[in-house]
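The values are calculated or read from the model by the stated rules, or taken from the named source; none is laboratory data. All values reported here derive from a predicted model rather than from experimental measurement. For neighbour counting, all protein chains shown are included, and Cβ atoms are generated from backbone atoms with ideal geometry for every residue, glycine included. These area figures cover heavy atoms from the full protein model, side chains too; ligands, DNA and RNA do not enter into them. Shrake-Rupley method; radii C 1.70, N 1.55, O 1.52, S 1.80 Å.
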Amino acid sequence: MPGAPSTDPLHPRILLVKLSSLGDIVHALAVPVSLRATLPLARIAWVVERRWLPLVARHPDLDAVFTVDTFRLRAAPGTWPEFQADLRRIRAFAPTWAVDLQGTLKSALVTRLAGAKYRLGLARRVERERGAHWLYNRHVVPASAHVVDQLLDIAAAVPPQGRLERLRRFPFPIPESAQLATRRWLEDNRVGPFVFLSPGGGWASKRWPTERFAELADRLQRDYGLAAVLNRGPGEQAMDDAFRRATAIRARIFSGDTVHLAAMLAQARLAVGGDTGPLHLAAALGTPVVAMFGPTDPARNGPFSSRAIVLRKPHLASYPRGQRYSPNMLAISVDEVAAACGELLARAAADDAPAGVRS
């Protein structure tokens with residue numbers, strides 16, 4: 001019952017802490033799937049930043065979802081009582097295990113304050129932010145290469161250790177209302193079959209030049225009859241202005257919330273972008289993706305999908321966060337991206353399996 005942590009290893013209460021952001025949360029969606037298959041009688045909950053709640057709110061293998069708002073707390077320290085109220089709700093879940101899947105200081109703090117007997121996170125030598133390991137009393141060093149498998153390595157440390165049934169599925173049920181609204185948007189904008197372009201990114205060195213996206217859109221329209229839907233995230237107005245100036249086609253600009261973004265991606269014939277959240281969500285939904293990687297390593301962060309082509313210049317790869325296009329991204333040509341798009345479209349045609357709405 002709430003307030004009394006379970007001592008039965010077959011009936012644990014497991015609290016997953018993965019606060020943000022879009023792509024990182026998508027990669028973690030397989031963890032509750034695997035825990036549920038391994039421990040069907042467990043109670044499993046997730047703590048997430050309030051702005052990212054839609055990503056996990058309908059996850060079929062979660063018994064509860066809790067939110068915090070550390071962004072607001074940092075901007076307005078006077079909201080500390082609200083943060084304390086969030087923590088009280090989390091502690092009322094009475095977790096046996098609190099599992100930090102993020103590894104930052106703020107996620108480690110939430111893990112520590114959750115009231116769990118066992119607090120599991122990354123060991124000191126692999127921690128993402130210095131000092132986070134002090135807030136755990138159980139530690140793990142992931143052995144896998146890709147972040148999806150690394151997260152499952154962490155979850156595997158929950159008893160029964162080493163017996164986790166690893167199911168690499170990423171459920172994201174899309175409400176019918178969002179599907180209908182998306183179809184209406186496409187009809188109103190006279191968009192038929194389309195490619196979804198995601199030129200943004202957390203830092204400029206991960207991006208591919210907007211003008212090249214424009215040239216790619218022209219080619220895909222000419223060669224395959226695909227319209228272009230351009231994703232515009234917060235603060236990306238300048239990029240879609242550049243896109244409009246650089247292309248003769250009328251790109252449709254999309255700025256929907258997470259749920260409507262998923263509905264749009266599920267309708268797309270193809271998604272193209274860098275190491276961004278929308279690209280990873282597209283891969284999770286089964287939409288074919290062409291991913292361009294530069295500073296980040298696709299062996300760790302690449303789209304986890306059999307319907308993906310990743311383009312990268314390993315001999316130019318570097319890892320700095322920068323505010324300029326990186327040489328490795330600039331080395332990827334429009335010809336290469338267009339060819340990869342053509343290959344995926346041919347595969348889809350051969351398989352007779354266009355992307356649709358998936359759970």
- Item | Failed criterion for Thr247 (all others in (1) more than 20 Å from Asp24 (Cα to Cα); (2) at pLDDT below 95; (3) hydroxyl-bearing (Ser, Thr, Tyr); (4) under 22 Å from the mean Cα position of the chain (by Cα) hold) | (4)
- Task: Quick one: which residue in Thr70, Thr111 is open to solvent by less than 30 Å² (accessible area, probe 1.4 Å), under 14 Å from Val17 (Cα atoms) and at pLDDT below 95?
- Result: Thr70
- Note on the structure: Conditions (1) part of a loop (DSSP other than H, G, I, E, B); (2) open to solvent by less than 20 Å² (accessible area, probe 1.4 Å); (3) not acidic (Asp, Glu) -> Arg130 fails only (2)
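Going through the range 114-127 one residue at a time, which ones are in contact with a helix residue (DSSP H, G or I) (Cβ under 7 Å, 6 or more places away or on another chain) and either of a type in the set (A, V, I, L, M, F, W, C) or open to solvent by less than 10 Å² (accessible area, probe 1.4 Å) (or both)?
Step one: filter the range 114-127 for residues in contact with a helix residue (DSSP H, G or I) (Cβ under 7 Å, 6 or more places away or on another chain), giving 114-115, 119-124, 127.
Answer for the range 114-127, where residues must be in contact with a helix residue (DSSP H, G or I) (Cβ under 7 Å, 6 or more places away or on another chain) and either of a type in the set (A, V, I, L, M, F, W, C) or open to solvent by less than 10 Å² (accessible area, probe 1.4 Å) (or both): Ala114, Leu120, Gly121, Leu122, Ala123.
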- Task: Kindly indicate whether any position in the range 258-271 is at pLDDT below 95 and within 19 Å of Met329 (Cβ to Cβ).
- Result: no
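In the range 47-105, how many are part of a loop (DSSP other than H, G, I, E, B) and within 29 Å of Leu285 (Cβ to Cβ)?
Narrowing the range 47-105 to residues part of a loop (DSSP other than H, G, I, E, B): 56-63, 69, 76, 93-96, 101-104.
Those left that are additionally within 29 Å of Leu285 (Cβ to Cβ): 56-63, 69, 101-104.
Residues in the range 47-105 being part of a loop (DSSP other than H, G, I, E, B) and within 29 Å of Leu285 (Cβ to Cβ): 13 in total.
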- Query: Do you know which residues across the range 31-43 are farther than 26 Å from Asp257 by Cα and either open to solvent by less than 10 Å² (accessible area, probe 1.4 Å) or in a loop (DSSP other than H, G, I, E, B) (or both)?
  - Reply: Ser34, Leu35, Leu39, Pro40, Leu41, Ala42
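To keep it simple, each residue is scored yes or no on (1) touching a Ser or Thr at 6+ places or on another chain (Cβ under 9 Å); (2) β-branched (Val, Ile, Thr); (3) open to solvent by 40 Å² or more (accessible area, probe 1.4 Å); (4) at pLDDT below 95.
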site	(1), (2), (3), (4)
Met1	no, no, yes, yes
Lys18	yes, no, no, no
Ala28	no, no, no, no
Pro60	yes, no, yes, no
Val65	no, yes, yes, no
Arg74	no, no, yes, yes
Thr79	no, yes, no, yes
Ala92	no, no, yes, no
- Task: Please enumerate the residues belonging to the range 87-117 that are touching a Phe, Trp or Tyr at 6+ places or on another chain (Cβ under 7 Å) and without any contact (Cβ under 8 Å) to a residue 24 or more places away in the chain.
- Result: Arg89
